[in-house]
Amino acid sequence: MSRLSAALVRERVRGSILERIGDTPLVPLRRIWDGSRGQIWAKLESANPGGSVKDRPGLWMVIAAEEERHLLRGKTALDATSGNTGIALAMVCAVRGHTLELCMPDKVSEERKKIVRAFGGSLVLTDPLEGTDGAIREAQRRARGEPDRYVYLDQYSNPANPLAHELGTGPEIWDQTGGRITHFVAGVGTSGTIIGVSAALRPKGVRIVAVQPDDAFHGIEGWKHMASAMRPAIWDERAADDHRVVSTDAAIAMTRRLAREEGIFSGVSGGAAVVAALAVAREEGGHIVVLIADGGERYLSTPLWE
Amino acid sequence: MPVTVRLPGALRDATGGETKLVAAGATLREVIADIDRRHPGFASRVLDDKGELRSYVNVYIGEDDARTRGGSAAQVPEGSEVMVIPAMAGGG
């Protein structure tokens, strides 16, 4: 892959809504954490125009494919997704004029399917019993079967995914904290966030905390239980200094507390990440930045808020 | 009243590797209890401490979402297929 730069990506999207991706707010948690041993800051990725952290890799993967002249007129961009990446890619492809096809497990939250279709993306619904791994296998089958038709973006293997965080999210957090950040806490799905932010901030002495669900059968949208799931090619355990697990029950309880005590309406993965950040704060203290990947609106059709 | 229960791979560890089982019961709770008798601990993966479906678990009885038919108290007609899936999908 020819190496993209933040300046090049900015230049390519100048004057469009895609210019608004990134520069998301960083807000302190004031009630959930008493501040006795440092500060926890929440990085609110729902402020991206597509509503989640996935706008960042979505944009960079499409621009990379354009720069490499894979994604030309007449081609169809293709990927497998549980939702947020699909929405991000659909928004980016709408602006850039590309056709998009997404493989997604059937019976995941209805909001996601409707938003993708609103942006003009088309969906291939896969066996819900096979989860995201089944969607990945379907995307691989399609890409192999019709290589002239599809450009398989493959968020799980695409180096532009972590690069968006290495050259975007990481430096952004460093600047927002004035270099005071001591820990970065985020969940692992494709692992792009952890791998990219690690590349940017670990050399500056920041400890990287990677968080996973504690069970293969979990309810933390977007996260992978690596021991039981298909391993993303970009994942490397060595990118994190600290690996933690969080239960879905603890994640849901914290997601509700974030709304009621901090005014942060988050998805479950945000609550899960904050559970881990609180544990880090109690054990080590410091200036901890925790990534909240999306907002609670995307889960209104699920029982989470009932 | 036998019914077929299909499970995701992520629950395989709770059923000794099986993802398709035949179980008996007139309600969803009874079907889950029947599986739990053979695979102790299964019920707690799917139901909370009040015996209701965990908020991140979706169950379909045929094409119907069990929550629209009474949750764990939903009737399960003989011969129907029950599908248990996570309400959220992992991995981006």
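The values are calculated or read from the model by the stated rules, or taken from the named source; none is laboratory data. Given the structure is predicted, the values throughout are model-derived calculations rather than measurements. Methodologically, a virtual Cβ is constructed for each residue, glycine included, from the backbone with ideal geometry; neighbour enumeration extends over all protein chains shown. Side chains included, ligands, DNA and RNA excluded: accessible areas come from the protein's heavy atoms. Shrake-Rupley method; radii C 1.70, N 1.55, O 1.52, S 1.80 Å.
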Choose one of A:ILE136, A:ALA88, A:ALA65: the residue whose Cα lies farthest towards the positive end of the charge dipole of the protein assembly as shown (beta-carbon charges +1 Lys, Arg; -1 Asp, Glu; about the Cα centre). A:ALA65
Roughly how big is the A-B contact, given as buried accessible area in Å² (both sides, 1.4 Å probe, nearest 100)? 2300 Å²
Hits in the stretch B:41-64: amide N under 19 Å from the 7 Å Cα→Cβ extension of B:VAL22, namely B:62
What is the sum of charges around A:HIS218, taking Lys and Arg as +1, Asp and Glu as -1, for the other residues whose C-beta is under 13 Å from the C-beta of A:HIS218? -2
Where a Cα-Cα gap under 25 Å defines reach, which lysines qualify for A:LYS113, not counting those fewer than 8 residues away within the same chain? A:LYS54, A:LYS75, A:LYS224
Highest-fluctuation residue, B:LEU28, B:LEU53, B:LEU11 considered, GNM on chain B with Cα pairs under 10 Å: B:LEU11
Per-residue SASA entry for A:HIS243, accessible area with 1.4 Å probe, Å² rounded to 10: 90 Å²
What residues of the stretch B:2-50 lose no less than 40 Å² of accessible area with every protein chain in place versus their chain by itself (probe 1.4 Å, heavy atoms only)? B:ALA10, B:ARG45
Assign one of three labels to the stretch B:2-86, namely rounded, prolate or oblate, based on the Cα gyration tensor with a ≥ b ≥ c the square roots of its eigenvalues; rounded applies when a/c is under 1.5, prolate when it is not and a/b is larger than b/c, and oblate otherwise. rounded
Compute the accessible area per residue over chain A, keeping the other protein chains in place, probe 1.4 Å, unit Å². 38 Å²
Most positive-pole-ward Cα, B:PRO77, B:LEU7, B:PRO40, against dipole of the stretch B:2-86 from beta carbon charges: B:PRO40
Residue mean of other protein chain beta carbons inside 10 Å, A:123-136: 4
Quick check: at a probe of 1.4 Å, how many percent of the accessible area of chain A sits on carbon and sulfur atoms? 47 percent
Across peptide A:197-206, how many C-beta atoms of other chains are within 10 Å of each residue C-beta, on average? 0
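With +1 assigned to the C-beta of every Lys and Arg and -1 to the C-beta of every Asp and Glu, and no other charges, what is the dipole magnitude of chain A about the Cα centre in debye, to the nearest 20?
520 debye
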Most mobile of B:GLY41, B:GLY17, B:GLY71 in a GNM of chain B (Cα contacts under 10 Å): B:GLY17
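Largest first, what is the accessible-area ranking of B:GLU18, A:GLU138 with a 1.4 Å probe? If you can, show how the numbers build up before the last one.
Working: B:GLU18 80, A:GLU138 35 Å².
These residues rank, largest area first, as B:GLU18, A:GLU138.
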Could you give the dipole magnitude of the stretch B:2-86 about its Cα centre, charging the beta-carbon of Lys and Arg +1 and that of Asp and Glu -1, in debye to the nearest 20? 160 debye
Given the whole protein assembly as supplied and a 1.4 Å probe, what does the accessible area of A:VAL62 come to in Å², nearest 10? 0 Å²
Expressed as a whole percentage, what fraction of the accessible surface of the stretch B:2-86 belongs to carbon and sulfur atoms when a 1.4 Å probe is rolled over the protein heavy atoms? 48 percent
Kindly identify the stretch B:13-62 as rounded, prolate or oblate by the Cα gyration tensor criterion: order the square roots of the eigenvalues as a ≥ b ≥ c, call it rounded if a/c is under 1.5, otherwise compare a/b with b/c, prolate if a/b is larger, else oblate. rounded
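Decide, for the protein assembly as shown, between rounded, prolate and oblate: order the square roots of the alpha carbon gyration tensor eigenvalues as a ≥ b ≥ c, take rounded if a/c falls under 1.5, and otherwise choose prolate if a/b is larger than b/c, else oblate. Can you show the working numbers first?
Working: a/c = 2.03, a/b = 1.30, b/c = 1.56.
In terms of gyration-tensor shape, oblate.
Peptide A:76-84: average number of partner chain Cβ atoms within 10 Å per residue?
So the per-residue partner count for this stretch is 2.
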Just read off the accessible area of B:THR68 with the full protein assembly in place, 1.4 Å probe, to the nearest 10 Å². 110 Å²
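Take every Cα pair under 8 Å in chain A that's 6+ residues apart, average their separations, divide by the length, and report that relative contact order as a whole percent.
Relative contact order, chain A: 20 percent.
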Leaving out ligands and nucleic acids, and using a 1.4 Å probe, what accessible area per residue does the stretch B:2-86 come to in Å²? 45 Å²
Helix-derived [θ] at 222 nm for chain A: sum -39500 (n - 2.57) over DSSP H runs of at least 4, divide by residue count, nearest 500? -10500 deg cm²/dmol
Only bridges whose two residues both fall in the protein assembly as shown count here: according to DSSP, what percent of them are antiparallel, nearest 5? 35 percent
